[in-house]
Amino acid sequence: MVVAANNNIPTAVSLAAGGIAGAVEAGVTYPFEFAKTRVQLRNEEATPNPLLVIRDVVRHEGARALYKGCGSLVVGSIGKDGVRFVSFDAIKNAYKDKRTGTLTPLRNMLAGMSAGVVASICAVTPTERIKTALIDDARHARRFTSTLHCVRCIVAEDGLIGGLYKGFAGTTLKQASATAFRMGTYNILKDFEATRNIQQGVATNFANGMVAGVVTTYATQPFDTIKTRSQSARGATTVEAFSSILADHGVRGLWRGTVMRLGRTILAGGILFTVYEQMCRILMPVMAPRAMI
């Protein structure tokens, strides 16, 4: 579990706290996600400043356009982070040293990677596909009238699995690597702080989450860019998406949208882990009155 010193948080508490944290994080930081996705979908040059992209969207399309596809991401984040925290806890316990009860940094990363694969299969790929298709469609065709209409069109054209799981390979690579770096980095920092008797609180949790966000962004950006191209409104295979990025921008194109994603993941990392830790403290007395946090 992300609370390094405690492995006794019940599954129900972890699932609920993770889901709430994911919803809050997704809703607060969505405009940055919207701007990053827009840049990754475009072939022409665009400013790397997310605030300028947001300004232009508000000016030409209205403020509501910034939240196109947000509902899909929030729902997906509830499932993704609920599953991610629960599976990370279970996998981490399986990986920990039986004698000392601790994990090496490498095993922390492996636990995160495994949890990312589980989250991609259970929640992330279909919701990311819907979100990306809605953002892409809003640029030109505008044929989707709602999230439900988008889902119906995708399923009608490509089938349930083929449509909603378009870009599965790229999304899973991104989720596995992102969860490995995000969860792994956060827990490594917490384990280090425990050896130095550094008190865990809101400020410490937020700072640790921000550092984890920076590491995650730079390490996994190519997977995110490929995933976005794969899940555009028209859709593409992972190989086609990779080839089109290289054709449009060269190798540097794999890190397209890094600044925008960085703006989101720094804030998102701080919010996600802070809300999660606080929700565990709130929910433990209610959902598991005999457990100690």
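Tabulated data for the structure shown
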{"quantity": "Lysines with Cα under 16 Å of K92, excluding same-chain neighbours fewer than 8 positions away", "calculated": "K190"}
{"quantity": "Gain upon complete extension [H249, R143; 0.36 nm per residue less C-alpha separation]", "calculated": "35.3 nm"}
{"quantity": "For the range 118-132, 3J(HN,Hα) per residue [Karplus equation, 6.51 cos²θ - 1.76 cosθ + 1.60, θ = phi - 60°, Hz, x = Gly/Pro]", "calculated": "4, 5, 4, 5, 7, 9, 5, 4, x, 6, 5, 4, 5, 4, 5"}
{"quantity": "Order by protection proxy (mean Cβ within 10 Å, highest first), peptides 253-265, 171-183, 132-144", "calculated": "171-183, 253-265, 132-144"}
{"quantity": "Nitroxide proxy distance, nm - points 7 Å out along Cα→Cβ at Y218 and R55", "calculated": "2.7"}
{"quantity": "Spacing of the two label points (7 Å from each Cα toward its C-beta) at I121 and T237, in nm", "calculated": "2.3"}
{"quantity": "Integer Hz, Karplus 6.51/-1.76/1.60 couplings in order for the range 212-228, x for Gly and Pro", "calculated": "4, x, 5, 4, 4, 4, 5, 6, 10, 4, x, 5, 5, 5, 4, 4, 5"}
{"quantity": "Inter-probe distance in nm under a simple model that places probes 7 Å from Cα toward Cβ, at V286 and E193", "calculated": "2.4"}
{"quantity": "Rel. contact order, % - alpha carbon contacts under 8 angstrom, at least six apart, the range 11-287", "calculated": "27"}
{"quantity": "Mean ellipticity per residue at 222 nm, deg cm²/dmol - from DSSP H runs of n ≥ 4 across the chain, formula -39500 (n - 2.57)", "calculated": "-25000 deg cm²/dmol"}
{"quantity": "Highest to lowest packing among 159-166, 198-205, scored as the average C-beta count within 10 Å", "calculated": "159-166, 198-205"}
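Computed from the coordinates by the stated procedures, all read-outs in this text should not be read as laboratory data. Here the structure is a predicted model, which means the values were calculated and not measured. Cβ coordinates were reconstructed from backbone atoms using ideal geometry, including for glycine residues, and neighbour counts include every protein chain displayed.
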